[in-house]
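Accompanying notes for the structure given below.
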Amino acid sequence: MGLFLAGRKYKALLCALIQQNPKVGDISHNCQKLENSVKLAASLGASLAIAPEMAIIGYPPRDLLLYDFFIKEATEAASELAANIAHLDIALIVGSVDFNPKRYGRQLQNVALVMENGKITARYAKRLLPTYDVFDEARYFEAGQEPVVYTRLGFRFALTICEDIWNDFLYWPYPLYSKDPLANHPPYDVLVNISASPFAVSKQDLREDMMCSQARHHRVQTLYVNQVGANDELIFDGRSFHTDPTGRLLNRGGAFREDLVLCDLGRGPVEVQNVEEKSKIAYSENALLFEEKENFYPKCLDLLKQSPPGQNLNPDQEIYKALTLGVFDYCRKNDLKTIVLGLSGGIDSALTAAIAVEAVGPENVTGILMPSPYSSQHSLDDAQELCRNLGIPKVRVLSIQKAMFAFSDILAETFKGLREDTTEENIQARIRGVLLMAVANKFGSLLLTTGNKSEIAVGYCTIYGDMCGALAVIGDLYKTEVFRLAKWINQTKGRVVIPENTISKPPSAELKPNQTDQDSLPPYEELDEILKFLLEDREGPGTLEKRGIDVAVVRKVANLVRLGEYKRRQAAPVLKVSNQAFGVGWRMPITCASVFSARDKASKK
C-alpha cells in the first residue's frame, strides 16, 4: 500500500541516513566510505541515502577552504562519486563545497548535492551562515538565496543544511537572523537537514525538540543526519533521527559512533523498527583500533560497545563517551598509536588516564610519576594504585629532585637575596613538562595535558609546565564535574577504578609543604559557580551578589580569568563538551582592562 499525505499518494520509500565519521581533507578516503555506505544502503532496499554536511571534505575544513586546488579536488570527487554509484537504484544527498556560480560575494558555497543516475541533478546552497561560538562560515561562504525541493518516488524533499533549521520564529523567542529559510517555502513532504553539529552536553534534547516542533509546524516528516567523530577540539555525536508529521520520534541513530539508520517513510514506526531489527548494521571503531577496514559497516553486532541505537544518554554518559571519542579520533586521524601522561595521584590526571585507557587500551598508555621532595607518599601510592586498577603496564618513576637542585645552583647568583616564591614552584612544573615532552618525543607518543576548566580559567597552571601537551582532555570540565565524573566511572564499572583516596583528599599541586589548592583559590564549589556565571551566563558582580556571593571574591576571580588569557592563547586544544569552551569559540583579548572594574567606576559616577 502507498501512503497518503496532503491528498497525494506515495510509494513506500526506504531511506538510509549515513552517519559518517570523515577525516578533514582526506577527500578520497571520505568518498570511498560514502560509496561503501551507499552500496550497503542499496543492498538493504533503500531508494535514497542521505549523508552529513560537508561529508566529502570533512568538517570543519577551516582555512583549507582558501586553497582553490582543494575545492577543485572536492568538486571532481563529487562528480566521480556520482558516477561510481550510477549502477545502483538509489539516489544520494550529500554535503560538500562548491564554487559560487554568481559573480559577486564570497567565492564558495556550502552545498547539498543530489546524485542520481550518475550525475549531480540538484544543488542547494546553505542560506544561514553562523559566525558565533566555534563557527566562522561567513569568512568562507556566500549564502544561498533559493529553496530547493527534490522529488523521488512521489515524495518531495525540502533540502536544508544545519543552521537553516535553527531560526524558526515560532520556536525561538529571539531569532538570530531576519529570515527563516522554511518560511514561505514551496510545498514539500519531508524536511531534510544535513548537519555537522558539534556536541555539547544535552544538545541532542534541543535538536530533537526543535525538529519535532518543525515537524508539527509544517506538518511534514523530518530527517536529521548528523556527522559523528572528532576533529581537533570538536566532537560530533551523530544521533541522526527521523520524526513523523506529529513530531513523534520514530528512529534514532547510535551515539558517538558511525551508523546506518534505516527509515521507512511510507509505513510508519512499527515497520521502521522491524526493518532495523532485521537489517540494521553498524560498527564500533573502538573495537578495531588503528585498523583500516574495507567494509566500513561489517556485520558484527557483537562489536557494538557503545549505547544501542535508539537509546539516549545521561550527561555523564555523554561526557565520557565524547571525551573517549575525542582522544581516540585524535590518535587515529593523526597516526598516533600510544599516549603518555603525567600521573600525580590527583583527580585530574586520574580521570584523564581513565579516558585514555578507554580510548586506546591500557597497553598503549604510559604513566609517568615525577615525585619531588614535596610529593606525599599517598600521592605516589594513589598513582600506582590507579595504574593497577586501569591495567596500565608501562609505569615510569622519574624523580625531579636532582633537576631541582641543578636549577637552584644555576640560578643561585641571579636570585641572590630574594625569597622563594611561585617562581621556584613553577620551575618544578616546568621540569616535569620537559621530562614528559622528552618521553613523548622519544617514543612518538601523544602527550595529554591534565588541567581542568577551573584551573585553566583562573590561570592556576604553569605555562610550559603542566600545560605541556598536544590535547587537553578535561579542559572543558570544571573541577566539580571532574569529581562527579570520576565517581560515575567507579559506579558504572562496578569497581574502584579511580582510587577512593584520590577522590576524597583535598586537591593539591604539592609544589611546597602542606599546600592545597584552596590556599590560592576559593572552594571549588564556589569558584565553579562564579566561573559559570562569568564564562557562560556572562553575568556581572551585581547578579552574583544577589545570589549571596561576595563581590570581592567575584572581582578576584574575574581578574584571574583576565590575567590568564595569555596562557590560554598558547594552550593545547581543549576537547569541547559545553556550550562555552576555551579555544576557537573563546575570543577574548589578552590586553584589556577588567570589565568589572570599568563597570564599578561607571556606577559611581
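Considering only region 83-130, give the strands (runs of 3 or more DSSP E) lying wholly within it that have at least 3 residues that are among the hydrophobic types (A, V, I, L, M, F, W, C), under 18 Å from VAL38 (Cβ atoms) and at pLDDT 95 or above.
The strands (runs of 3 or more DSSP E) meeting that bar are 91-99, 108-116.
Yes or no: region 376-388 includes at least one residue that is in a helix (DSSP H, G or I), surrounded by fewer than 19 Cβ atoms within 10 Å (Cβ to Cβ), at pLDDT 95 or above and basic (Lys, Arg).
Yes.
When you scan region 204-260 for strands (runs of 3 or more DSSP E) that lie fully inside it, which ones turn up with 1 or more residues that are surrounded by fewer than 22 Cβ atoms within 10 Å (Cβ to Cβ)?
Result: 249-252.
Can you find, within region 171-197, the residue that is farthest from the chain's Cα centre (by Cα) among those that are surrounded by fewer than 20 Cβ atoms within 10 Å (Cβ to Cβ) and small (Gly, Ala, Ser)?
Per the criteria, the residue is ALA183.
Within region 419-469, how many residues turn out to be among the basic types (Lys, Arg) and out of contact with any Asp or Glu (no Cβ under 8 Å at 6 or more places or on another chain)?
Here the count works out to 3.
I need a count of the residues in region 233-250 that are more than 21 Å from ALA51 (Cβ to Cβ), of a type in the set (D, E, K, R) and either in contact (Cβ under 8 Å) with a residue 60 or more places away in the chain or touching a strand residue (DSSP E or B) at 6+ places or on another chain (Cβ under 7 Å) (or both).
Qualifying residue count, region 233-250: 2.
Conditions tested, residue by residue: (1) under 26 Å from TYR177 (Cα atoms); (2) in contact (Cβ under 8 Å) with a residue 24 or more places away in the chain; (3) crowded, with 20+ Cβ neighbours inside 10 Å.
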| position | (1), (2), (3) |
| --- | --- |
| SER79 | no, yes, no |
| ILE90 | no, yes, yes |
| TYR124 | yes, yes, yes |
| TYR132 | yes, yes, no |
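Go through region 365-381 and give me each residue that's touching a residue at least 60 places away in the same chain (Cβ under 8 Å) and touching a Lys or Arg at 6+ places or on another chain (Cβ under 8 Å).
THR366, ILE368, MET370, TYR374, HIS378
Let me spell it out: the conditions are (1) closer than 18 Å to GLU258 by Cβ; (2) touching a residue at least 24 places away in the same chain (Cβ under 8 Å); (3) surrounded by fewer than 24 Cβ atoms within 10 Å (Cβ to Cβ); (4) not aromatic (Phe, Trp, Tyr), and GLN32 meets all of them except one. Which number is the exception?
So the condition that GLN32 fails would be (2).
Answer with yes or no whether LEU176 is outside any strand (DSSP E or B), touching a residue at least 24 places away in the same chain (Cβ under 8 Å) and either within 20 Å of LYS126 (Cα to Cα) or small (Gly, Ala, Ser) (or both).
So LEU176 passes the test.
Looking at this structure, is ILE57 under 20 Å from ILE194 (Cα atoms) and in a loop (DSSP other than H, G, I, E, B)?
Yes; evaluated as a whole, the condition is true for this residue.
State whether the residues of region 39-48 include one that is within 18 Å of HIS242 (Cβ to Cβ), more than 27 Å from the chain's Cα centre (by Cα) and polar (S, T, N, Q).
The answer is yes, given that some residue of region 39-48 is within 18 Å of HIS242 (Cβ to Cβ), more than 27 Å from the chain's Cα centre (by Cα) and polar (S, T, N, Q).
The values are calculated or read from the model by the stated rules, or taken from the named source; none is laboratory data. What you are looking at is a predicted structure, and each value in this text was computed from that prediction instead of being measured. Counting neighbours? That spans all protein chains shown, and the Cβs are built from the backbone with ideal geometry, glycine included.
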